[in-house]
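Asks: I am attaching a structure below and will ask some questions about it afterwards.
The values are calculated or read from the model by the stated rules, or taken from the named source; none is laboratory data. Everything numeric in this text was worked out from a predicted model, so none of it was measured. Virtual Cβ from ideal backbone geometry, glycine too; neighbours counted across all protein chains shown. The accessibility values were calculated without ligands, DNA or RNA, using every heavy atom of the protein model including side chains. Shrake-Rupley method; radii C 1.70, N 1.55, O 1.52, S 1.80 Å.
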Amino acid sequence: MMQRFPAQAMVENPRYGQLIIGPPGSGKTTYCAEALKFYRELGRQVGVVNLDPANENMSYEPVLSVMELITVEDCMEHLQLGPNGSLMHCAEYLADHLEDWLLPALRKLGATHNYFLFDCPGQIELYTHHSAMARVFERLERERYSLVTVNLIDSHYCSEPAKFIATLLMALNTMLRMSLPHVNVLSKADLLRKHEAKLHFNVDYYTDVLDLKYLLDKLDDDPAMRKHRKLNAAICSMVEDYALVSFQLLDAFSTDSMLRLRNHIDKANGYVYKAGEEQTVNSLLACAVAAETEAARQQHDIQPYVD
């Protein structure tokens, strides 16, 4: 007999968020702009919150922007800091003003929005070494936001073994430090065809992060990397031991690609189980498992991006 979730298991007025992170140039702002249009077309009450104090060329209209509170330019001018130091200071300033700026503003927006795309700064140290952004994310969690970190990484890194290994280490570090549901994304997948000739393996080798010893062998072709083989082997071994890192491919301008990524994100932040949607246990489990043949996965996730 199929059973339904009890009413007390539902959360009233659930709120959801995507924390869009990634190195500079990985396509975070472009993704936010396209995702805003995409989710609105799906009927979601969505808004973009800009948390990047250096984001002067937004291609979307944010419902809230940290640049109303502080900017990198102001820090550089008044505190005599460089660009990186200014961004660090801005992140700390935001973390110190959660209770009197960010959270009150989000509560007001809660009357009209229940799904937020947080466009975060691109300085990767903020997620791998610094604690300010982690404090922001943790406070949002305590505010009952169901969050998922969406880590965008330019897909061209697949074409260079050393850069791809560095990408794996960065992704693993970020996942462990953020301690949140996490989706790693290889962005600009529509450009993979340009780099396909440089790829040493099939695309699914990179998305599924298969046996990395083959990638180590490719590093030996570079004399500068050969002397670091033990270090590279240790990094690859650690990534494989945790077995946490995999990637989804994304073309932000493709509806099909956005739909595929949405399915992964909705499972990660729990939107698929949201309150108010009557679903049986069996249907929820089927959605969570996402039963799909390997041939179908290849057809939808890999083939659109390669010849």
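Asks: Report, by residue number, each residue of the range 126-167 that is part of a helix (DSSP H, G or I), of a type in the set (D, E, K, R) and within 26 Å of Glu34 (Cα to Cα). Break it down into steps so the answer makes sense when it comes.
Replies: Initially, the range 126-167 is screened for residues part of a helix (DSSP H, G or I), giving 126-128, 132-142, 155-159, 161-167.
When the remaining residues are screened for being of a type in the set (D, E, K, R), the result is 135, 138-139, 141-142, 163.
Glu141, the sole residue that qualifies.
Asks: Just give me the residues in the range 23-63 being in a loop (DSSP other than H, G, I, E, B), under 15 Å from Cys120 (Cβ atoms) and open to solvent by less than 40 Å² (accessible area, probe 1.4 Å), in sequence order.
Replies: Step one: of the range 23-63, the residues in a loop (DSSP other than H, G, I, E, B) are 23-27, 42-45, 51-63.
In the following step, the residues that additionally are under 15 Å from Cys120 (Cβ atoms) were identified as 23-27, 51-55, 58, 60, 62.
Of everything in the range 23-63, those that are in a loop (DSSP other than H, G, I, E, B), under 15 Å from Cys120 (Cβ atoms) and open to solvent by less than 40 Å² (accessible area, probe 1.4 Å) turn out to be Pro23, Ser26, Gly27, Leu51, Asp52, Pro53, Asn55, Tyr60, Pro62.
Asks: Further question: Does at least one position in the range 67-83 carry a residue that is farther than 28 Å from Leu186 by Cα and open to solvent by less than 10 Å² (accessible area, probe 1.4 Å)?
Replies: yes
Asks: Being of a type in the set (Phe, Trp, Tyr) and under 15 Å from Leu51 (Cβ atoms) is true for just one of Phe137, Phe164. Which residue is that?
Replies: Sole residue among the options that is of a type in the set (Phe, Trp, Tyr) and under 15 Å from Leu51 (Cβ atoms): Phe137.
Asks: Hey, another quick one. Sort out which residues of the range 69-125 are part of a helix (DSSP H, G or I), in contact (Cβ under 8 Å) with a residue 40 or more places away in the chain and among the small types (Gly, Ala, Ser), and write them in order of number.
Replies: If the condition is that a residue be part of a helix (DSSP H, G or I), in contact (Cβ under 8 Å) with a residue 40 or more places away in the chain and among the small types (Gly, Ala, Ser), then Ala91, Ala95, Ala105 are the ones that fit.
Asks: Mind listing whichever residues of the range 114-133 are open to solvent by 30 Å² or more (accessible area, probe 1.4 Å) and not hydroxyl-bearing (Ser, Thr, Tyr)?
Replies: Asn114, Ile124, Glu125, His129, His130
Asks: May I ask you to list the residues in the range 168-195 that are over 24 Å from Ala234 (Cα atoms), open to solvent by less than 60 Å² (accessible area, probe 1.4 Å) and part of a helix (DSSP H, G or I)?
Replies: Once the filter is applied, which keeps residues that are over 24 Å from Ala234 (Cα atoms), open to solvent by less than 60 Å² (accessible area, probe 1.4 Å) and part of a helix (DSSP H, G or I), the range 168-195 yields Ala189, Leu192, His195.
Asks: Further, regarding this structure: Assess whether Ser86 counts as being closer than 28 Å to Thr167 by Cα, over 20 Å from the mean Cα position of the chain (by Cα) and open to solvent by less than 60 Å² (accessible area, probe 1.4 Å).
Replies: yes
Asks: To continue, here is another question. Tell me yes or no: at least one residue of the range 115-131 is among the small types (Gly, Ala, Ser) and within 18 Å of the chain's Cα centre (by Cα).
Replies: So far as the range 115-131 goes, yes, one or more of its residues are among the small types (Gly, Ala, Ser) and within 18 Å of the chain's Cα centre (by Cα).
Asks: Given the structure, is Tyr127 modelled with pLDDT of 90 or more, closer than 24 Å to Leu94 by Cβ and not polar (S, T, N, Q)?
Replies: Criteria met by Tyr127.
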